[in-house]
Amino acid sequence: MQVFEHQDEVRDSETDVAGVVNHAHFLDYMANTRHKHLRALGLDFQVLLARGYMLVASKIDIRFRQPLFVGDSYCVTSTLIQPHGKQFGFEQQVLRLPERTLVAKAVVQAACVDCQSNAPALPDDIKQLLAQGLMEAPVAEDVAT
């Protein structure tokens, strides 16, 4: 399996008074990484929307292992899961750096939806991009500024 990674650092605004990241921010971290992963594969969200489609997360199963604190560096991994029918998915992990300690992991089920009918629809060209993403070499991205 090929893994995409995005690195970042916990910001003050993402934590509570004790400096612990609120659990809801993990969903943002993972969504941001999935979007970057798909863009790296050549999937342009604006072009997709102009064609009348949008990508949505339909189910997220997340397991928390350890907290992140203000100032912690972390990376989020994103690995595509083989598309099935009109759905596809990702396995994701949040890892504290530099040790790469597992902080949280999730399985995300996603779908491509026709904006007019709200029905799942996975066009062939998107299936091909996803299939190509399953075979390509790993992609990594530097720390965001």
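For Lys105, the aspartates and glutamates whose Cα comes closer than 15 Å to its Cα, not counting residues fewer than 8 places off in the same chain, are Glu5, Asp28, Asp61, Glu91. Exposure proxy ranking for Tyr53, Tyr29, based on other Cβ atoms within 10 angstrom of each Cβ and starting from the fewest, stands as Tyr53, Tyr29.
Subtracting the Cα-Cα distance of Val20 and Cys115 from 0.36 nm times their residue separation leaves 30.4 nm of extension gain.
Between the helical axis of 24-40 and the longest alpha-carbon principal axis of the chain there is an angle of about 50 degrees. Near the amide H of Gly89, within less than 5 Å, lie the amide hydrogens of Ile81, Ala110, all on another chain or at least 5 residues away, with H placed in the peptide plane.
Considering only Cα atoms, the convex hull volume of the range 4-141 works out to 114 Å³ per residue. In plain terms, the chain is cut at each of the trypsin sites (Lys or Arg not before Pro) found in a DSSP loop with at most 16 other Cβ atoms within 10 Å, and the longest leftover piece is 101-145. Remark: the chain carries a charge dipole of roughly 440 debye about the Cα centre, counting +1 on each Lys and Arg Cβ and -1 on each Asp and Glu Cβ. Roughly how far apart, in whole Å, are the Cα centres of the range 77-92 and the range 1-50? Going from one Cα centre to the other spans 16 Å.
Taking Cα atoms only, the orientation of helix 124-135 departs from the longest principal axis of the chain by about 40 degrees.
Read-outs: derived from the displayed coordinates by stated rules, not from any lab. None of the values given here were measured: they were computed from a predicted structure. Ideal geometry is used to build each Cβ from the backbone, glycine not excepted, and the neighbour counts take in all protein chains shown.
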